[in-house]
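Since the structure comes first, as structure tokens, the remarks are kept for the end.
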Amino acid sequence: MPSYQPKPEHKFTFGLWTVGNIGRDPFGEPVRHKLSPVEIVHLLAEVGAYGVNLHDNDLVPIDATVAERDRIVAEFKEALAATGLVVPMATTNLFSDPAFKDGAFSANDPRVRAYALQKTMHAIDLGAELGARVYVFWGGREGVETDAAKDPIAAIKRTREAMNFLCEYAIDQGYDLKFALEAKPNEPRGDMYNSTTGHILAFIESLDHPEMVGVNPEVAHEHMAGLNFLHGVAQAWETGKLFHIDLNDQAFGRYDQDFRFGAVNLKSAFFLVKFLEDVGYGGSRHFDAHAYRTEDYEGVRDFARGCMRTYLILKEKAAAWNQDAEIAALVKEINADDGAMAPYTGAYSRDKARALKAAAFDRVALGARGLAYERLDQLTIEVLLGVR
Ligand code: GLT
Ligand code: MN
Ligand code: MN
């Protein structure tokens, strides 16, 4: 019986804000006491995580003096050294402080925009000091409740200007850092800009340094937009832009849930894990989720272990799917190609186009053929249910 034991090579990471979530929601007070960053590092080491990610202010309070900052960072580094945990990713909190109530990089007030840049440069320095190689940007407040408040074109241009500035800053400092932008359609703003991974992939191509910018798609955020997460991830991967990934779960049409990975949509989680493993995604598997509000810290450990365990079980199911002879035969049949169309298709030529326009197709026969996707899907379900 496999142990589904997390190992460093699985690259399972959690944010300080995930297992450190104290269960506050818009209707209720915290249900768990606050753990210090050092305590969180030890909790993560205990459950078998590989790394810990952080916002600047998860570690260093926004109003800390330089001396306080240095002391906190030194203590944190000691905890990392003692546990062997690493910090693969860092990010900036540009959403909690009231200064950012109208956004950070896209805010109407130029002072807020400049302060956001300043705060991010300090946070990038902190991330680089801790060894982070990926720097995430989640525009938590970059949006509006009413389009009377902001010109959407100005918002895009301001965001581009900020990203270009920060790319140059990282290059100028000689940091070995890639930026990963994270989309979300709404919450906490009524509507957020760069609302899906697709929007962001297009936006990246308009930057001065597109090669150093990719995406950090999150399961819940694409589900909130009603989208197929795997398809966004695949598009990012295919263009070399999958720099990071936020794993969690979310029921379609509900509030922002950030549930344990695989808690709601097992089949989508299966195809996602299968994709990441099949293509050989080498980045962090970051669980951006938190325990139910009903839990104490034992429940938080259950939550964290559950995220990793479900991932590893699904990884095993993916291998079983790939090795299943009946499934493999169906997949082969579905993708069969006798080469008869090769003279007409592929790269364009005038001759091919002329020949293709004159070719005869049995349209009725094409439409009449059954594709056996029902059988294939049922076999998939049976792999997942453990009867194959
Ligand atoms: C916040 C958000 C996440 C982002 C984090 C990075 S913070 O919890 O809900 O999706 O990834 O800023
Ligand atoms: Mn996230
Ligand atoms: Mn989220």
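Condition check ((1) of a type in the set (A, V, I, L, M); (2) buried (at least 20 other Cβ atoms within 10 Å of the Cβ)) across all residues:
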{"site": "Arg141", "(1), (2)": "no, yes"}
{"site": "Ala149", "(1), (2)": "yes, no"}
{"site": "Ile156", "(1), (2)": "yes, no"}
{"site": "Asp172", "(1), (2)": "no, no"}
{"site": "Lys184", "(1), (2)": "no, yes"}
{"site": "Gly190", "(1), (2)": "no, no"}
{"site": "Ile204", "(1), (2)": "yes, yes"}
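So for the range 109-127 (the condition being open to solvent by less than 50 Å² (accessible area, probe 1.4 Å), more than 16 Å from ligand 1 (Cβ to nearest atom) and small (Gly, Ala, Ser)), does at least one residue qualify? Within the range 109-127 (the criterion being open to solvent by less than 50 Å² (accessible area, probe 1.4 Å), more than 16 Å from ligand 1 (Cβ to nearest atom) and small (Gly, Ala, Ser)), the answer is no, since none of the residues qualifies. Kindly evaluate Glu211 against the criterion of being of a type outside the set (Lys, Arg), away from ligand 3 (no atom under 16 Å from the Cβ) and within 26 Å of Leu376 (Cα to Cα). Here the answer is no, as Glu211 does not meet what is asked.
Which condition breaks for Val60 when tested against (1) within 16 Å of ligand 1 (Cβ to nearest atom); (2) open to solvent by 20 Å² or more (accessible area, probe 1.4 Å)? In the conditions (1) within 16 Å of ligand 1 (Cβ to nearest atom); (2) open to solvent by 20 Å² or more (accessible area, probe 1.4 Å), Val60 misses (2) alone.
Of all the listed residues (His209, His221, His286, His231), the sole one being closer than 21 Å to Val87 by Cα and either modelled with pLDDT of 95 or more or more than 16 Å from ligand 1 (Cβ to nearest atom) (or both) is His286. If you check Tyr297, Tyr311 for being surrounded by fewer than 18 Cβ atoms within 10 Å (Cβ to Cβ), at pLDDT 95 or above and either more than 22 Å from His231 (Cα to Cα) or not charged (D, E, K, R) (or both), only one passes: Tyr297. When residues in the range 142-166 are screened for being touching an Asp or Glu at 6+ places or on another chain (Cβ under 7 Å) and outside any helix (DSSP H, G or I), 2 of them pass.
Of all residues in the range 241-266, those that are buried (at least 18 other Cβ atoms within 10 Å of the Cβ) and of a type in the set (Gly, Ala, Ser) total 2. Against the list (1) over 15 Å from the mean Cα position of the chain (by Cα); (2) more than 15 Å from ligand 2 (Cβ to nearest atom), the condition Gly198 fails is (1).
When Glu326, Glu316 are checked against the criterion of being open to solvent by 10 Å² or more (accessible area, probe 1.4 Å) and over 20 Å from Tyr373 (Cα atoms), a single residue qualifies: Glu316. Ala269 meets each of the listed conditions (1) open to solvent by less than 10 Å² (accessible area, probe 1.4 Å); (2) touching a residue at least 60 places away in the same chain (Cβ under 8 Å) apart from (2).
Within the range 243-266, the set of residues being away from ligand 1 (no atom under 15 Å from the Cβ) and hydrophobic (A, V, I, L, M, F, W, C) comprises Ala251, Phe252, Ala263, Val264, Leu266. The requirement of being away from ligand 1 (no atom under 16 Å from the Cβ) and in contact with a helix residue (DSSP H, G or I) (Cβ under 8 Å, 6 or more places away or on another chain) is satisfied by Ala269.
Among the candidates Ala180, Ala236, Ala155, the residue that is of a type in the set (A, V, I, L, M), in contact (Cβ under 8 Å) with a residue 60 or more places away in the chain and touching a Gly at 6+ places or on another chain (Cβ under 8 Å) is uniquely Ala180. The combined condition, being surrounded by 13 or more Cβ atoms within 10 Å (Cβ to Cβ), small (Gly, Ala, Ser) and away from ligand 1 (no atom under 15 Å from the Cβ), is fulfilled by Ala162. Do we have Lys101 as more than 21 Å from the chain's Cα centre (by Cα), away from ligand 2 (no atom under 16 Å from the Cβ), crowded, with 19+ Cβ neighbours inside 10 Å and not aliphatic (A, V, I, L, M) here? No, not satisfied. Test Ala236 against the stated conditions and say whether it is in contact with a Pro (Cβ under 7 Å, 6 or more places away or on another chain), open to solvent by less than 20 Å² (accessible area, probe 1.4 Å) and within 16 Å of ligand 2 (Cβ to nearest atom). For Ala236, the condition - in contact with a Pro (Cβ under 7 Å, 6 or more places away or on another chain), open to solvent by less than 20 Å² (accessible area, probe 1.4 Å) and within 16 Å of ligand 2 (Cβ to nearest atom) - is met. Within the range 92-114, the set of residues being touching a residue at least 60 places away in the same chain (Cβ under 8 Å) and within 16 Å of ligand 3 (Cβ to nearest atom) comprises Phe95 only. Looking across Gly20, Gly28, Gly48, one residue alone is surrounded by fewer than 18 Cβ atoms within 10 Å (Cβ to Cβ) and touching a helix residue (DSSP H, G or I) at 6+ places or on another chain (Cβ under 9 Å). It is Gly48.
The values are calculated or read from the model by the stated rules, or taken from the named source; none is laboratory data. Computed from a predicted structure; not experimentally measured. Cβ: placed from backbone, ideal geometry, glycine included. Neighbour counts: every protein chain shown. The area values use the complete protein model at the heavy-atom level, side chains included, leaving out ligands, DNA and RNA. Shrake-Rupley method; radii C 1.70, N 1.55, O 1.52, S 1.80 Å.
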